[in-house]
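Here's the structure we're looking at; comments come further down.
The values are calculated or read from the model by the stated rules, or taken from the named source; none is laboratory data. Not measured: the values here are computed from a predicted model. Note that we place each Cβ from the backbone using ideal geometry, even for glycine, and neighbour counts take in every protein chain shown. We work out accessible area using only protein heavy atoms, side chains counted, and drop any ligands, DNA or RNA first. Shrake-Rupley method; radii C 1.70, N 1.55, O 1.52, S 1.80 Å.
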Amino acid sequence: MNTIATRALPAWAPKIDPARWVDNRLYTDPRVFALENERIFMKTWLFAGHESEARNPGDYFTTTLLEQPLLVARGADNVVRAFYNTCRHRGSRVLLEACGHAAAFRCPYHNWVYDLSGNLIGIPGEEAYDGSGFVKEENPLVGVRCEVELGLVFVCFDEHAPSLRDYLGPKIFATLSTPLANARFELVKYKGYDLPVNWKVFAENARDGYHVPFVHPFFRKASPPGPYFLYDNGHAVQHLGMDPAGIEPQLWERLQEYTLPGVETGDGYIVTLFPDATITLRSNVISIDSQRALGPKQVHMESRVLGLVGDTEAMRAVRELGHATWFLNPVELEDGPIFIGQQQGVEAKGVRYSVIARGADATTGTRGDDNRLRQWWAAWRQAMGVEINSLDGELGVGLDADR
């Protein structure tokens with residue numbers, strides 16, 4: 001982690017605890033986004049996919065995180081590995097497809113071939129390199145740290161970061177183990193879409209219980225909140241219930257079908273992982289929602305639905321219904337306009353900060369107030385190496401010169 005720098009508050013700062021407001025430029029300034037890439041995303045475990053997306057040896061999927069082209073593949077030894085999707089010859093992407101199966105990875109530019117463990121095994125006209133000093137065995141695909149826990153595939157660009165298990169911590173791991181440790185899961189639906197917002201907008205919203213009664217009328221009557229818990233490294237859990245009195249009888253009947261192993265009807269939670277991933281359980285479905293930050297005002301959202309290996313089409317249809325009911329529809333139809341409205345609002349040059357002062361600090365409770373956002377921002381400050389939710393003076397020229 002970066003050493004926290006001591007600095008005076010900006011002259012325009014409100015007269016409240018600095019942990020209870022956020023400089024609005026943190027959602028818009030490209031210099032802030034560049035520092036976040038360097039100090040957060042390049043140092044932290046990032047969700048990449050589910051292991052079922054590379055189920056068998058030779059299966060792979062590709063993605064791009066922080067403009068870094070990656071390929072994730074299951075090797076002949078059944079180990080899931082990640083590599084930079086970059087040929088060691090002329091820098092071309094080795095695999096162009098989003099996913100697939102291959103006995104080996106062949107670069108389309110000059111046909112250099114790598115095995116499933118990343119070793120360079122084939123070069124057309126290899127004898128032409130004789131005497132050049134080039135050694136084939138010293139030029140495999142460059143690996144990226146990759147670890148899998150409970151079927152969840154994460155990557156990390158920092159060799160010195162703690163293990164994924166340590167980063168998640170025992171409480172988060174135990175929560176996710178129900179149901180992920182109880183059966184074999186697989187991806188049953190994927191959706192990706194772009195939003196013109198800063199990545200922190202979704203990250204905050206996922207743990208903002210204050211907005212739920214106002215933005216989500218169905219949740220207000222059908223989803224009573226349970227206890228929440230704030231954990232180390234900026235992670236959190238909000239337990240959720242279901243109230244059949246607020247759900248149409250026919251829908252309620254469907255939502256009770258095919259409950260996941262170890263889960264009681266009505267059980268649910270939202271696990272929010274710092275910096276920006278959420279894993280939601282709702283009785284018969286798991287939703288994994290993550291984002292790829294593309295710029296200070298642009299993200300690519302990824303939503304994955306998990307079901308059980310061996311599910312019938314009827315079972316999958318019920319799980320997709322649960323996903324649409326509890327997550328996809330509320331986010332797209334109700335949260336989406338709020339996300340965009342917030343991003344547009346923080347552009348106002350005459351409004352320097354937003355307030356996150358509601359509620360007393362607490363690590364547990366029911367639904368919670370802004371204390372859950374303050375815990376997230378505490379993790380952000382720790383990672384960024386600053387004392388307040390602002391970067392005045394941190395960027396050389398200083399953000400305050402812009403206003």
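I'd like the projected area of the chain, averaged over all directions, using the convex hull of its alpha carbons. Report it in nm² with one decimal.
One quarter of the hull surface, i.e. the mean projection, equals 21.9 nm².
What is the Cα coordinate range of segment 291-337 on the first, second and third principal axes, sorted by size from largest, in whole angstrom?
Extents along the principal axes: 42, 22, 10 Å.
Shape of segment 12-160 from its Cα gyration tensor (a ≥ b ≥ c, root eigenvalues): rounded if a/c is under 1.5, otherwise prolate when a/b > b/c, or oblate?
Since a/c reaches 1.5 and a/b is larger than b/c, the shape of segment 12-160 is classed as prolate.
So, counting K/R as plus one and D/E as minus one, what does the shell of residues with Cβ under 12 Å around residue 37 add up to?
Local charge sum for residue 37: +1.
Okay, helix-only estimate at 222 nm for the chain: each DSSP H run of n ≥ 4 adds -39500 (n - 2.57), divide by all residues, round to 500 deg cm²/dmol; what do you get?
Calculated from helices alone, the mean residue ellipticity at 222 nm is -6000 deg cm²/dmol.
Considering only protein heavy atoms, with the full assembly of protein chains and a 1.4 angstrom probe, order 211, 239 by accessible area, largest first.
239, 211
Among residues other than residue 77 whose Cβ falls under 14 Å from its Cβ, what is the net charge (Lys/Arg +1, Asp/Glu -1)?
0
Please enumerate, by chain and number, the lysines with C-alpha under 18 Å from the C-alpha of residue 43, excluding those fewer than 8 residues away in the same chain.
200
In the chain, which Cys residues have no partner Cys with a Cβ closer than 4.7 Å?
99, 146, 156
Within a Cβ distance under 14 Å of residue 170, other residues only, what is the Lys/Arg minus Asp/Glu net charge?
Result for the local shell: -1.
Using a ≥ b ≥ c from the Cα gyration tensor of segment 37-78 (square roots of the eigenvalues), is it rounded, prolate or oblate, where a/c under 1.5 gives rounded and otherwise the larger of a/b and b/c decides, a/b for prolate?
Note, shape of segment 37-78 comes out prolate.
For segment 122-214, what is the per residue volume of the convex hull drawn over the alpha-carbon atoms, in cubic angstrom?
264
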